[in-house]
1. Quick check, is Leu118 closer than 16 Å to Ile24 by Cβ, surrounded by 15 or more Cβ atoms within 10 Å (Cβ to Cβ) and touching a residue at least 40 places away in the same chain (Cβ under 8 Å)?
2. Only residues in the range 98-110 that are within 11 Å of Val27 (Cα to Cα) count as the first member; pair them with residues that are surrounded by 13 or more Cβ atoms within 10 Å (Cβ to Cβ) and of a type in the set (Gly, Ala, Ser), Cβ under 8 angstrom, at least 6 apart or cross-chain, and list the lot.
3. I'm checking my understanding of the structure. Among residues of the range 278-308 that are over 14 Å from the mean Cα position of the chain (by Cα) and not aliphatic (A, V, I, L, M), which one is surrounded by the most Cβ atoms within 10 Å (Cβ to Cβ)?
4. Within the range 243-263, can you find the residues that are touching a residue at least 40 places away in the same chain (Cβ under 8 Å) and among the polar types (S, T, N, Q)?
5. Out of Ala37, Ala62, which single residue is surrounded by fewer than 20 Cβ atoms within 10 Å (Cβ to Cβ) and among the aliphatic types (A, V, I, L, M)?
6. Within the range 176-190, does at least one residue satisfy the condition of being surrounded by fewer than 15 Cβ atoms within 10 Å (Cβ to Cβ), in contact with a Lys or Arg (Cβ under 8 Å, 6 or more places away or on another chain) and farther than 26 Å from Asp106 by Cα?
7. Among the candidates Leu90, Leu94, Leu118, Leu112, single out the residue that is out of contact with any Phe, Trp or Tyr (no Cβ under 8 Å at 6 or more places or on another chain) and not β-branched (Val, Ile, Thr).
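No lab work stands behind these numbers, since they all come straight from the coordinates. Keep in mind the model is a prediction, meaning the values are calculated, not measured. Don't worry about glycine lacking a Cβ; one is built from the backbone with ideal geometry, like all the others, and counts go over all protein chains shown.
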Amino acid sequence: MPNKEHQELVSLIEQLPGKRVLVIGDVILDEYIIGRARRMSREAPIPVLEQTERRYIAGGAANPAMTLHTLGAIPRLIGIVGDDVQRTSLQECLQLAEIDAHLLMDATRPTLVKTRILATMGLRFPQQVARIDTLSRTEITPHLQCEIMQIVYTSKTGESVLLSDYLCGLLTPALVKAIISYCQQHDILVAVDAQGELDKYAGATLVKCNANEASAYLMTELRSNAEFEQAVHTIYQKLKLSGAMVITRGADGATVFDGRSVTHCPSPDVQDVFDTVGAGDTAIAVMTLAKMAGATFIQAVTLANYASGIVVQHVGNYAPTQRELSDAIRD
């Protein structure tokens, strides 16, 4: 990339602080149980772990909120929790991270938890050996949807909306339609991290999904650049988006259609990939902020690729800093 483009991206990073983003989505408590593998079990061909550490991290829709906060933005987070001890752990994580969170309680649902079991065996990083999810796919009640809309109606001047969908019942079609309709009326940017259920996001500003989700939605294999170019254009038209459609492709970068042309944005060269957890959340957070800072969609996606490249070099959810992002571009 020419030095001028480098400088433009670095200048954009300097404009990220202070932007306001309302994040709405499935908030998840990420639990990490780490143990040392001492021997093999006599009961099954699995290692026996002696627990050495247990830690909690706010994940799901909280992850883009954490990234926004680390980059200097001012996020507000809306999520649903259950009436259980996991709710307290999640609240403590968010308070520690200084995230302004509106966690609405529904006693009929559990707090969403993803428990990852990792083993240390003399390697540099622990290796994940199992994951247990505590989830609910039931749609939230109309009453809770009304409560969320009341918070949306308090959107501050210049605030954008980021929808983070983990398909756990919060972002119902009715709620999404109401949010997008309100934002259209008030010229509010709506960015979406969709995990397959793309149709309900018709009319949004910016929608992101990964290659597998796009392939499933279009019911066709996507392999070549030409196939991705057609796919991103087709989805954009089907959803009647007002800004851009982005399909992320892992190490192959991302393909974006901004309503005028299709562009392929390559990923930076990353030598050591340790964990892809949170890369998509980081990408949509950075795209949203970059657009608020005046970036083109191509610049926003390019900046997001650099940020995701930083995240995959860490184990678990990780929020890159402005300094790390600037250094990655300069390097």
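1. Values: closer than 16 Å to Ile24 by Cβ: no; surrounded by 15 or more Cβ atoms within 10 Å (Cβ to Cβ): yes; touching a residue at least 40 places away in the same chain (Cβ under 8 Å): yes.
It is false that Leu118 is closer than 16 Å to Ile24 by Cβ, surrounded by 15 or more Cβ atoms within 10 Å (Cβ to Cβ) and touching a residue at least 40 places away in the same chain (Cβ under 8 Å).
2. What qualifies is Ala101/Ala62; Ala101/Ala65; Ala101/Gly79; His102/Gly79; Leu103/Gly79; Leu104/Gly79.
3. Residue satisfying both the conditions and the ranking: Thr302.
4. Of everything in the range 243-263, just one residue is touching a residue at least 40 places away in the same chain (Cβ under 8 Å) and among the polar types (S, T, N, Q), namely Thr248.
5. Details: Ala62 fails: surrounded by fewer than 20 Cβ atoms within 10 Å (Cβ to Cβ).
None of the others qualify; the one that does is Ala37.
6. Keep residues of the range 176-190 that are surrounded by fewer than 15 Cβ atoms within 10 Å (Cβ to Cβ), which gives 177, 181, 184-187.
After this cut, where a residue has to be in contact with a Lys or Arg (Cβ under 8 Å, 6 or more places away or on another chain) as well, the list is 177.
Next cut, farther than 26 Å from Asp106 by Cα only: none.
No, that holds for no residue.
7. Details: Leu90 fails: out of contact with any Phe, Trp or Tyr (no Cβ under 8 Å at 6 or more places or on another chain); Leu118 fails: out of contact with any Phe, Trp or Tyr (no Cβ under 8 Å at 6 or more places or on another chain); Leu112 fails: out of contact with any Phe, Trp or Tyr (no Cβ under 8 Å at 6 or more places or on another chain).
One residue alone meets the criteria, Leu94.
Residues checked against (1) over 24 Å from Val286 (Cα atoms); (2) under 21 Å from the mean Cα position of the chain (by Cα); (3) part of a helix (DSSP H, G or I):
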{"position": "Tyr166", "(1), (2), (3)": "no, yes, no"}
{"position": "Ile179", "(1), (2), (3)": "no, yes, yes"}
{"position": "Asn212", "(1), (2), (3)": "no, yes, yes"}
{"position": "Leu222", "(1), (2), (3)": "yes, no, no"}
{"position": "Val232", "(1), (2), (3)": "no, yes, yes"}
{"position": "Tyr236", "(1), (2), (3)": "no, yes, yes"}
